[in-house]
Amino acid sequence: MGRRADLKTGYNCNCNCVFCVIGDKLFTGDRSTRDCLDELRASRARCEDVVFTGAEVTIRDDFFTLLAAAKKLGYRTIQVQTNGRMLAYRAFAERAVAAGANEFSPSIHGPTAKIHDALTRARGSFDQVVACIDNLVALGQRVITNTVVTPTNAPHLPALATMLVARRVAQFQLAFPHPTGHADTLFDRVVPRMSEVAPHIHAALAIGVAGGVDCMAEAMPYCMMLGHESRVAELHIPPTEIVYDGYVVPDYAEDRVGRGKRRFEQCSPCRWESICEGTWREYPQRRGSEEFSPVLGARVVDPALVLDGALEMLGSEAPPWPQPQSELPPYTALAFYPEDFSPACTAQAQGMEAGHAMLAARGVTLLGVSPDDERRHETFAAAQGLSYRLISDPEFDLARAYGVVGEAPRRTVLVDARGRIAHVITRVDTAAHAAQILAAIDKLEAPPRSVLPRDDLVVLRRPSPSSRNGESQSGASRSGA
Ligand code: SF4
């Protein structure tokens, strides 16, 4: 995933959504064209993609100028987050595409005008966002819709999902509201009890999955996403910097986890504790945390596993390998690799050998596994001076048993002293694999993280003479943000 700049262009809007996270700043003005162009140039040094967000960027006089500037700067993906009202006009949508936009994220908050318009407080906005979606799909654009989940629209999410599948959006996202701005002021009306809306969210996701549409839910911890864990939206957000009012949040994920969200005392035994973001910190202040119960099972320490079939293997009995030790060490690392003597496999073997003493001191027994025969293994081990054992797996029986399949199967499975699969390294760093194994063990053995949110803002100030003000604000995305 490339790095993304999330450029907030101001506070003017042609809706007034009941859950708007910048509701307290709405209609107070936009950043100047010059500031936005400066921000675009500055972020391009670090980012390949850009998202224009606002309030509502499409109502700016310089909307097409900003898109054209982003295109000229070479941004790869130029996404427009929008309420979709202006893009209901076909000529406007065509002009946006011609100027450089190539991905659109319109907000749609229900399957009917009655539900959607009541939430946006803008009559006619439902018909307009539907026309926007149809226009953009017809223009071959990638459309990723966003829906903020409220007590009003939650029961209708399956109907909305059905509609979005039929309208051939590329992706839909259901966002649990972030209780700031209007969502704070109107909390009881706008913010549902998470456990009560979760079944509707799951039903909508199931419809999306069955319809072949990418779909996910934002700001929902894993204990609310059982069965749809890979649909946790935060797993899919690329590294992002948030740019607003002359400030930059350089690492949105760090800011979100460290400051924006929180977990709970009862999270400590949860299998997801190591990677879960929890909820927006404001939610438990109003609703408490009794809804959130730890999920028991093998600890998950790498988000990559949630998107990988290997997740299912965690905690299960490890398939036997030839000549196991009578008493298993704290960890056995089965490093599956494609071929002795290939450059990448040689580098990996050399790195593992260099770190062998450190691994042994940590209780790790290393085993290399590849389809090469015993004789080639002996030659390879002698040539590289390997002191750990190599296993020959000519028919890939062991590899298949561990789910290591594909054209260039390279992954490492950690088996614990009880003979259970503790972790799978799915993205092997061949140059530093020993360190990678040790880092994984550190995470597996780490105590639970502090549940206290940080109060410091993870922001940098960019000199910007015409910035609106010096206030700080959340650097989260529009959807839940
Ligand atoms: S760590 Fe806490 S909030 Fe996250 S899934 Fe587990 S119990 Fe839920």
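The values are calculated or read from the model by the stated rules, or taken from the named source; none is laboratory data. Bear in mind the structure is a predicted one, so any value in this text is a computation, not a measurement. Using ideal geometry, Cβ is built from the backbone for each residue, glycine included, and neighbour counts are taken over all protein chains shown.
Laid out as a table, the results:
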{"quantity": "Some residue of the range 173-191 being in contact (Cβ under 8 Å) with a residue 60 or more places away in the chain, surrounded by fewer than 17 Cβ atoms within 10 Å (Cβ to Cβ), in the same structural domain as Asp134 (by TED's automatic domain parsing) and over 24 Å from Cys132 (Cα atoms)", "calculated": "yes"}
{"quantity": "Residue tally, condition within 21 Å of Gly54 (Cα to Cα) and in a helix (DSSP H, G or I), over the range 101-117", "calculated": "2"}
{"quantity": "Residue within the range 52-67 that is within 28 Å of Tyr247 (Cβ to Cβ), in contact (Cβ under 8 Å) with a residue 12 or more places away in the chain and among the basic types (Lys, Arg) present", "calculated": "yes"}
{"quantity": "Per-region count, the range 225-262, residues more than 24 Å from Asp6 (Cβ to Cβ) and either surrounded by 19 or more Cβ atoms within 10 Å (Cβ to Cβ) or among the β-branched types (Val, Ile, Thr) (or both)", "calculated": "1"}
{"quantity": "Matching helices (runs of 4 or more DSSP H) fully within the range 315-414 where at least 3 residues are under 36 Å from the mean Cα position of the chain (by Cα) and not aliphatic (A, V, I, L, M)", "calculated": "343-354"}
{"quantity": "Residues of the range 261-289 satisfying the condition of being charged (D, E, K, R), within 11 Å of the ligand (Cβ to nearest atom) and closer than 22 Å to Ala175 by Cα", "calculated": "Lys261, Arg262, Arg263, Glu273, Glu277"}
{"quantity": "Filtered residues of the range 123-154 (kept if touching an Asp or Glu at 6+ places or on another chain (Cβ under 6 Å) and not in a helix (DSSP H, G or I))", "calculated": "Arg123, Arg142"}
{"quantity": "Hits in the range 13-51 (condition: modelled with pLDDT of 95 or more, out of contact with any Asp or Glu (no Cβ under 9 Å at 6 or more places or on another chain), under 30 Å from Val190 (Cα atoms) and crowded, with 16+ Cβ neighbours inside 10 Å)", "calculated": "Cys17, Val18, Phe19, Cys20"}
{"quantity": "Flag if Arg168 is closer than 22 Å to Ser293 by Cβ, at pLDDT 95 or above and basic (Lys, Arg)", "calculated": "no"}
{"quantity": "Residue in the range 180-196 that is more than 13 Å from the ligand (Cβ to nearest atom) and of a type in the set (S, T, N, Q) present", "calculated": "yes"}
{"quantity": "Qualifying position, being part of a loop (DSSP other than H, G, I, E, B), within 22 Å of the chain's Cα centre (by Cα) and modelled with pLDDT under 95, among Arg468, Arg449", "calculated": "Arg449"}
{"quantity": "Ala154, sole failed condition from (1) surrounded by 24 or more Cβ atoms within 10 Å (Cβ to Cβ); (2) within 19 Å of Ala217 (Cα to Cα)", "calculated": "(1)"}
{"quantity": "Qualifying residue in the range 46-62 (condition: out of contact with any His (no Cβ under 8 Å at 6 or more places or on another chain), in the same structural domain as Tyr283 (by TED's automatic domain parsing), in a helix (DSSP H, G or I) and within 20 Å of Arg142 (Cβ to Cβ))", "calculated": "yes"}
{"quantity": "Selection count, the range 208-246, where residues are aliphatic (A, V, I, L, M), in a loop (DSSP other than H, G, I, E, B) and away from the ligand (no atom under 14 Å from the Cβ)", "calculated": "2"}
{"quantity": "Residue in the range 247-279 that is farthest from Asp30 (Cα to Cα), counting only those that are aromatic (Phe, Trp, Tyr) and not in a strand (DSSP E or B)", "calculated": "Trp272"}
{"quantity": "Answer from Ala131, Ala138, Ala88 - the residue that is under 29 Å from Lys72 (Cβ atoms) and touching a helix residue (DSSP H, G or I) at 6+ places or on another chain (Cβ under 6 Å)", "calculated": "Ala88"}
{"quantity": "Number of positions in the range 63-83 that are touching a Leu at 6+ places or on another chain (Cβ under 9 Å), buried (at least 22 other Cβ atoms within 10 Å of the Cβ) and in a helix (DSSP H, G or I)", "calculated": "2"}
{"quantity": "Subset tally (residues that are more than 8 Å from the ligand (Cβ to nearest atom), touching a residue at least 12 places away in the same chain (Cβ under 8 Å) and of a type outside the set (Gly, Ala, Ser)) for the range 290-299", "calculated": "3"}
{"quantity": "Matching option when the condition is modelled with pLDDT of 95 or more and either among the β-branched types (Val, Ile, Thr) or outside the structural domain of Asp397 (by TED's automatic domain parsing) (or both), among Val248, Val257, Val300", "calculated": "Val300"}
